[in-house]
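For reference, the structure is listed below as structure tokens.
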Number of protein chains: 4
Amino acid sequence: MIVADFAMVPLGSGTSAAKYIRSVYEVLREIGIEFLPGPMSTSIETRSFEELFDVIEKSNKKLVEMGVQRIVTSINIDYRLDKEISIESKLRASR
Amino acid sequence: MIVADFAMVPLGSGTSAAKYIRSVYEVLREIGIEFLPGPMSTSIETRSFEELFDVIEKSNKKLVEMGVQRIVTSINIDYRLDKEISIESKLRASR
Amino acid sequence: MIVADFAMVPLGSGTSAAKYIRSVYEVLREIGIEFLPGPMSTSIETRSFEELFDVIEKSNKKLVEMGVQRIVTSINIDYRLDKEISIESKLRASR
Amino acid sequence: MIVADFAMVPLGSGTSAAKYIRSVYEVLREIGIEFLPGPMSTSIETRSFEELFDVIEKSNKKLVEMGVQRIVTSINIDYRLDKEISIESKLRASR
């Protein structure tokens, strides 16, 4: 399991990004992936790099469909082989 | 109000970072700042850049006290002048 | 064209990451992608999200082959539809 | 010595960020800090956290002066105690 978080900043589309973030949540629900919305980024949990990349590409394509002409996406990936991890296990570990 | 998130990765200190994250939470509690633990990063809410930077420096110094010799810190800052923001308002906006 | 940069931090493998970075450059040369080494991250230029993701996955797998048990990868992607971009054009634009 | 890189994304100010990046370079020259422009971010070298934070705050304030209402800043900091580092030493190490 891979845990990652990502944030997308649309350029040239006003200062508010809330409607774009909501659309990304829709994409995540359609894909059926485990995710946790945060104030600065969205955390996701995927079985493979392919699944993770699918999320990033579909989320970018969604914003383009909504008319965004430039998107900066930041992703952080935690890829761990010595231990099974999940959003839940990572939240619990530091409690 | 500035909302930011940050993550610290210690190098040369094993694969587990949980005890370091818990120590950073202690630093945040001592400072008395509003924060939200996440699976990949910790979100904070500060009144100024100074307060934000104080958090980052004290968190780094804490890990050094614990014996860490190299730390990579990633920070994302949302600095917004057209609207008051907080961890709570940002979570709410995209619901 | 997509321009991105990425940095990989290995955990549990000492404080030096130089040999891992050099191995990632080898991966990039084998793939035949345009890239620019930087002090904090490596910039790449790809024709598609697929090509970009291939780079990230192969770079992670390379470090795993070298024995790394946990890797934190940070990626920033500039996806722009209103203009052709490249590493060179982006460096030039802000000169 | 601390080596870091940072990137600033202005929201609500069109899709082009080149003029803002050039202004940030001016800020860096005025401060008199060592820096290296990259396609995705700008690397800097500072003697302390204070100096690093001064760069980030002044760069944000500069964009605000230019009329930007919202800025997302991403920073990566390499803080290393076991070894002297610089932009140059980090570029050399992975060659």
query = Looking at the range B:24-47, which of its residues are buried (at least 17 other Cβ atoms within 10 Å of the Cβ) and either of a type in the set (Ser, Thr, Tyr) or closer than 17 Å to residue D:50 by Cβ (or both)?
reply = B:41, B:42, B:43, B:46
Residue satisfying all of: in the range D:61-89; more than 7 Å from every other protein chain (Cβ to nearest Cβ), of a type outside the set (Asp, Glu) and over 22 Å from residue B:4 (Cβ atoms); surrounded by the most Cβ atoms within 10 Å (Cβ to Cβ) among these = D:85
query = Does the range A:2-21 contain any residue that is surrounded by fewer than 17 Cβ atoms within 10 Å (Cβ to Cβ) and away from chain D (no Cβ under 14 Å)?
reply = no
request  = For residues that are more than 10 Å from chain C (Cβ to nearest Cβ) and out of contact with any Leu (no Cβ under 7 Å at 6 or more places or on another chain), scanning just the range A:45-54, find the one that is farthest from residue B:93 (Cα to Cα).
outcome  = A:47
ask   = Restricting to the range A:48-76, what's the tally of residues that are hydrophobic (A, V, I, L, M, F, W, C) and more than 18 Å from residue C:79 (Cβ to Cβ)?
value = 1
inquiry  = Every residue in the range C:48-59 that is more than 18 Å from residue A:64 (Cβ to Cβ) and surrounded by 21 or more Cβ atoms within 10 Å (Cβ to Cβ), please.
reply    = C:55, C:56, C:59
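Since every read-out is calculated from the coordinates, none of them should be taken as a lab result. Computed from a prediction, not measured in an experiment: that's the story for all the values here. Positions of Cβ are generated from backbone atoms using ideal geometry, with glycine treated the same way; all protein chains shown enter the neighbour counts.
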